[in-house]
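These notes are about the structure you will find just below.
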Amino acid sequence: MQVLDATQGRDILEELVEVIVDNRQYLSDVDGAIGDGDHGINMAKGFRLCGESIAGQSLSLSKALGTLATTLMGSIGGSMGPLYGSLFMGMAKSVKDKNVLDAKDFGEMLADGQQSLEQISDAKVGDKCLLDTLVPAIESYRQAIEVSDDFPNALQALRNGAQQGRDSTLDLEAKIGRAARLGERSCGHLDAGAVSCCLLLTRLADSTERRLEKAAA
Amino acid sequence: MQVLDATQGRDILEELVEVIVDNRQYLSDVDGAIGDGDHGINMAKGFRLCGESIAGQSLSLSKALGTLATTLMGSIGGSMGPLYGSLFMGMAKSVKDKNVLDAKDFGEMLADGQQSLEQISDAKVGDKCLLDTLVPAIESYRQAIEVSDDFPNALQALRNGAQQGRDSTLDLEAKIGRAARLGERSCGHLDAGAVSCCLLLTRLADSTERRLEKAAA
Amino acid sequence: MQRIINDPDNVVDDAIKGYLRASPSLFAATDHPRVLKYPSSASDKVGIVTGGGSGHEPAFLGYIGEGMCDAVAIGEIFSSPTADAFLEAFRSAPHGQGVACLYGNYAGDNMNVKMAKQMAEMEDIEVKTVIARDDVASAPPAERDKRRGVAGEVMMWKIGGAAAARGDSLDEVIRLAQKAVDACSSIGVGLSSCTIPANGKPNFSIEPGHMELGIGHHGEPGIEVAPLTSAEAIATAMCDPVLADQDFAGSEVAVLISGLGATPVMELNILYAHIAERLEAADIRVHRTDIGNYFTSLEMMGATLTLMKLDDELKPLLDAPARSLAITQC
Amino acid sequence: MQRIINDPDNVVDDAIKGYLRASPSLFAATDHPRVLKYPSSASDKVGIVTGGGSGHEPAFLGYIGEGMCDAVAIGEIFSSPTADAFLEAFRSAPHGQGVACLYGNYAGDNMNVKMAKQMAEMEDIEVKTVIARDDVASAPPAERDKRRGVAGEVMMWKIGGAAAARGDSLDEVIRLAQKAVDACSSIGVGLSSCTIPANGKPNFSIEPGHMELGIGHHGEPGIEVAPLTSAEAIATAMCDPVLADQDFAGSEVAVLISGLGATPVMELNILYAHIAERLEAADIRVHRTDIGNYFTSLEMMGATLTLMKLDDELKPLLDAPARSLAITQC
Ligand SMILES: Nc1ncnc2c1ncn2[C@@H]1O[C@H](COP(=O)(O)OP(=O)(O)O)[C@@H](O)[C@H]1O
Ligand SMILES: Nc1ncnc2c1ncn2[C@@H]1O[C@H](COP(=O)(O)OP(=O)(O)O)[C@@H](O)[C@H]1O
Ligand SMILES: [Mg+2]
Ligand SMILES: [Mg+2]
Ligand SMILES: [Mg+2]
Ligand SMILES: [Mg+2]
């Protein structure tokens, strides 16, 4: 069985920071079409700060995710601070005492993150927001590990679910956030939060996959 | 000897109104290059109002010029209100008791206008302003009637002097008004006031010339 | 982008430095870099806190002061302050009698205030909220809970601040601030876009010769993009939905006309002359009118109209003394 | 041209209607349509009159009120009021003790005031003038008489208004207003042009990425067009000529930072943070700072800095109570 070493979380987090910082302009452009054009600014600011504060440290995955959560909540404000903050805080709590994560642990981590996020917002799938990426991605992961405990396979399911979820926002009419004011005019544009969430889940899957090792189980 | 009937002033005034109103945009454009771009607006407003208030009336040249002066002073403000107001008021006073004007009377009218204007402003030739048109035009007229009392010939001298005066402002560095702040950068542009003054004197000469009649003297 | 700034990502922090240096009698720093407080708040009154994204000046800092707000949480341009900042604002305001957090209905603000309130509970700070929803263009009356808060927030702060200043209890301050903003119907009209410094290009676009009726304070799309007409016609287009929102006939009102940033105040007065005529025709008596830049959107061109229905309870609170950057009355 | 107006040629008259309707406690009509007066001026004090072109709001009307100006002559956009208007303003202000006409050094204003003063003499109204010349960029110190009046006029009105309010004689009011504006050194920086409504297109142009140091309130060209730099560098570029103009070291000063119209107030605060540092380094103590839109140029982007050297005579007058649209202090 393949597992992820959860004692070394900094490297994974740095990859998440990287993907957001690299896509700063792209995320703002996506937000600009139907929102106020600052999603990349908001996200990059929080992730960059997190990157700075974890640099050079040796952190468990839980500690690293916890730092990300606290940094986002404490530094970026807006909607994304509390939403992504809750998501990553839920994930951090989920893996608190774990040294390694198997495919099931990883799935629980994602589910706990989602649950934490849902406590702060009553947004739901179909509202045209990051949940449209997150929920189907996690569901797709869950279904994959129900069938087999193959970790790389489940991560691929996560990526697929995330990408399909992100693309589903193209035709949706926004029900929440600034874009909701556009009504029908919000159709035909991706949702910025759904895009950033897809970037994050995809990179998390990539990064995890590269680090999988055979556990002596 | 040729004279101008000074009992019928409205028609001449209406021509002055016309030339300013027709050149509203042009005058603003000239002012725009080195000033604040409103010379045409200011002038057209005052002249239009004057046109409205003299319409249909039978007025002596003195009364008509006086109405123009009062309207300018009372309605357009800025620099042009008092400057042109004083000029035309001086001219109005000069011809107050006259029924006809010969070439000499006409020259005195111009000179009295200039004197009145000089009481309110200490601008002088070379400052890049309407005086650069007015003073050489009047001087050129004066020289012409010193040589001969031919009225049309003197009017032609007035026009020539005005045009040369206007053109002299092209190379001048503005010493007064808003353009003065430009220093050397004001060179290469005509002065708006010099342009409007040239339009007015030229039209006054044209209009007078057309109305000249043989006096039974 | 023609801006007097240093690093576009630091405009908020850089501006806070200026506020602190310019007006030490109105602003004091707190333990959170994004929270300023009024240094002379009475300690035995209900604390008034607000907060929101930056770029709306004089909102929100301009409403800190005597008879107004005690502490303000400051967000990035057009983005909610963090929960941490709201929490520190609760702590920095007088809180022995509880804290009234009076803010506008935006998703981010809602979430951050909610989290901050939970954290404050753990510190035994009682926080109650009023959420401004005065923008009639943002949702129909039946869905009032979806409406944005706009310039009616100014009225909410003034009334809440005055009630707290005279010693009202938390419940009473909350009741009055809620009543104040419920009495407000607002609408905006936008004539141009604006540029978030960190973004460097306009947020959205309005074609020259057009205007957007019902536009939001962050450029949220309005109800209609129409050809730019006369001030008189704009006044009608703004008055119609506002007057349809509440039954103002026969009442006294306060009128607030705010510029969105770059529209000269002269034009707000041109607009108001027509609004005043319309109110008169509708048998509405104007108790007071305030015209100026009260709640802006960076350098957007345009204006908002807020009509507030008054009664004997609200009027003295509106007219009560206040000292702040945006509103000073004796 | 994105404007909330009716006929572009009538903006001034249309705006006056709005002012009159919005603030009847501050503005009353007079026998001249282009003159408004404060309806509650004490009759036994020196009258304070000002006037100038429109487009500078809150100047000039915003400075009518208690402890401020009594009557204002209103010109077209960026153009002096007529002599008639100045005369009616003299008549409309309390004039039994004489009238102090406090205005800025522009050719048109000079000529119209001169004519109005002559006409007032014939009506036995004594008028004395102070002509603001505070813009250091408009001429070197040796040619101070050529300098334009800019935001230092606000200080002149405040000091003159306060002196008149406490009952000072005409000569004393004139002496103090002159002293006030002589104590002021100002400079502007422009980041964009503006559009006169009747003209319909920008007045002049500043290339994006550039700024004009020393620009005038009507877009009069400044001393240098330079690449747009940081707020910190702009602060230095503005402070240098201002600090060189008078010996401020060791003194107390009042600082006025005014936006030119479209620059968000946030940026004025960013700018001020650097100016404050510079003043501190130059051993100049800041008694008070006012930041906002005090003297604008339609929707121009940019700012002005005014530094006023204070002494024991000017300070209490500056801090004296006032009630007007632009300045209210208790
Ligand atoms: N109430 C909400 N619940 C969940 N997601 C939301 C909510 N409001 C906004 N979002 C998400 O936030 C994204 C925009 O984020 P961002 O631009 O950073 O913040 P803001 O909307 O404050 O400018 C949207 O694309 C959407 O996915
Ligand atoms: N002090 C002055 N004396 C004589 N002429 C002047 C003076 N100031 C300005 N002018 C003239 O006024 C003209 C500009 O007039 P106008 O644009 O109508 O007024 P403003 O300068 O107030 O905008 C200049 O071109 C110049 O000829
Ligand atoms: Mg956004
Ligand atoms: Mg001009
Ligand atoms: Mg935002
Ligand atoms: Mg002008």
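The values are calculated or read from the model by the stated rules, or taken from the named source; none is laboratory data. No experiment lies behind these values; they were computed from the predicted model shown. Quick reminder, even Gly has a Cβ in these numbers, built from the backbone with ideal geometry, and neighbours come from all protein chains shown.
A single member of B:Thr169, B:Thr133, B:Thr208 is more than 14 Å from chain D (Cβ to nearest Cβ), in contact with a strand residue (DSSP E or B) (Cβ under 7 Å, 6 or more places away or on another chain) and among the hydroxyl-bearing types (Ser, Thr, Tyr), and it is B:Thr208. Considering only the stretch B:35-80, state which residues are among the hydroxyl-bearing types (Ser, Thr, Tyr), modelled with pLDDT under 90 and over 17 Å from the mean Cα position of the chain (by Cα). Within the stretch B:35-80, B:Ser75 is the sole residue that qualifies. The test for being over 22 Å from C:Asp14 (Cα atoms) and among the charged types (D, E, K, R) does not hold for D:Asp240.
Screening the stretch A:45-67 for residues that are surrounded by fewer than 24 Cβ atoms within 10 Å (Cβ to Cβ) and within 14 Å of chain C (Cβ to nearest Cβ) and picking the one that is nearest to ligand 4 (Cβ to nearest atom) gives A:Arg48. Only residues that are surrounded by fewer than 20 Cβ atoms within 10 Å (Cβ to Cβ), part of a helix (DSSP H, G or I) and touching a helix residue (DSSP H, G or I) at 6+ places or on another chain (Cβ under 9 Å) were counted across the stretch A:146-169, and they come to 9. Picking from residues in the stretch A:28-39 that are within 11 Å of ligand 5 (Cβ to nearest atom) and in contact with a helix residue (DSSP H, G or I) (Cβ under 7 Å, 6 or more places away or on another chain), the one that is nearest to A:Ile176 (Cα to Cα) is A:Gly35.
Contact map, the stretch A:24-52: first residue basic (Lys, Arg), second residue within 12 Å of ligand 3 (Cβ to nearest atom), Cβ cut-off under 6 Å, separation 6 or more or different chains; pairs are A:Arg24/A:Gly40; A:Lys45/A:Ile76. Does A:Ser140 satisfy the criteria of being buried (at least 18 other Cβ atoms within 10 Å of the Cβ), assigned to a helix (DSSP H, G or I) and within 14 Å of another protein chain (Cβ to nearest Cβ)? So A:Ser140 fails the test. Being small (Gly, Ala, Ser), away from ligand 1 (no atom under 16 Å from the Cβ), closer than 18 Å to D:Asp245 by Cα and in contact with a strand residue (DSSP E or B) (Cβ under 8 Å, 6 or more places away or on another chain) is a property that D:Gly149 has. Checking the stretch B:5-24 against the condition returns no match, with no residue being within 11 Å of chain D (Cβ to nearest Cβ), within 16 Å of ligand 2 (Cβ to nearest atom) and closer than 25 Å to D:Asn105 by Cβ.
Against the criterion of being touching a helix residue (DSSP H, G or I) at 6+ places or on another chain (Cβ under 9 Å), more than 16 Å from ligand 6 (Cβ to nearest atom) and at pLDDT below 95, B:Met89 qualifies. Flag not set for B:Leu182, criterion: buried (at least 22 other Cβ atoms within 10 Å of the Cβ), part of a helix (DSSP H, G or I) and on the phi < 0 side of the Ramachandran plot.
One residue stands out in the stretch B:25-39 among those that are more than 9 Å from ligand 4 (Cβ to nearest atom) and facing chain D (nearest Cβ under 10 Å): the one that is surrounded by the fewest Cβ atoms within 10 Å (Cβ to Cβ), namely B:Gln25.
Considering D:Ala142, D:Ala180, the condition of being more than 14 Å from chain C (Cβ to nearest Cβ), of a type in the set (A, V, I, L, M, F, W, C) and surrounded by fewer than 24 Cβ atoms within 10 Å (Cβ to Cβ) is satisfied by D:Ala142 alone. On inspection, D:Glu172 fails the criterion of being surrounded by fewer than 24 Cβ atoms within 10 Å (Cβ to Cβ), touching a Lys or Arg at 6+ places or on another chain (Cβ under 8 Å) and outside the structural domain of D:Leu243 (by TED's automatic domain parsing). In the set C:Gly200, C:Gly216, only one residue is touching a strand residue (DSSP E or B) at 6+ places or on another chain (Cβ under 9 Å), in contact (Cβ under 8 Å) with a residue 24 or more places away in the chain and outside the structural domain of C:Ser138 (by TED's automatic domain parsing); that residue is C:Gly216.
Considering the stretch A:109-129, and only residues there that are surrounded by fewer than 17 Cβ atoms within 10 Å (Cβ to Cβ) and charged (D, E, K, R), the residue that is farthest from the other protein chains (Cβ to nearest Cβ) turns out to be A:Lys124. Please go through the stretch B:118-137 and pick out each residue that is in a helix (DSSP H, G or I), more than 19 Å from B:Ser207 (Cα to Cα) and modelled with pLDDT of 95 or more. Hits for the stretch B:118-137 are B:Leu131, B:Asp132, B:Val135, B:Pro136. Selection over the stretch C:52-68 of residues that are over 14 Å from C:Phe295 (Cβ atoms) and assigned to a strand (DSSP E or B) gives a count of 3.
Pick out the one residue from D:Arg21, D:Arg91 that is away from every other protein chain (no Cβ under 12 Å), in a helix (DSSP H, G or I) and in contact with a strand residue (DSSP E or B) (Cβ under 9 Å, 6 or more places away or on another chain). If you could, list the steps in order and put the result at the bottom.
Working: D:Arg21 fails: away from every other protein chain (no Cβ under 12 Å).
None of the others qualify; the one that does is D:Arg91.
Residues in the stretch C:228-240 that are out of contact with any Gly (no Cβ under 6 Å at 6 or more places or on another chain) and within 12 Å of another protein chain (Cβ to nearest Cβ): 9 in all.
For the stretch C:71-111, which residues satisfy the criterion of being touching a residue at least 60 places away in the same chain (Cβ under 8 Å) and either within 22 Å of C:Val11 (Cβ to Cβ) or in contact with a Gly (Cβ under 6 Å, 6 or more places away or on another chain) (or both)? Within the stretch C:71-111, C:Ile74, C:Gly75, C:Glu76, C:Ile77, C:Phe78, C:Val99, C:Ala100, C:Leu102 qualify. Return the pair list, or none, for Cβ contacts closer than 9 Å from residues in the stretch A:171-192 that are without any contact (Cβ under 8 Å) to a residue 24 or more places away in the chain and away from ligand 6 (no atom under 16 Å from the Cβ) to residues that are of a type in the set (Phe, Trp, Tyr) and assigned to a helix (DSSP H, G or I), at least 6 apart or on different chains. Pairs that qualify, where the first residue is without any contact (Cβ under 8 Å) to a residue 24 or more places away in the chain and away from ligand 6 (no atom under 16 Å from the Cβ) and the partner is of a type in the set (Phe, Trp, Tyr) and assigned to a helix (DSSP H, G or I): there are none. Checking each residue in the stretch C:12-34 for being farther than 20 Å from C:Tyr63 by Cβ and crowded, with 19+ Cβ neighbours inside 10 Å picks out only C:Asp14.
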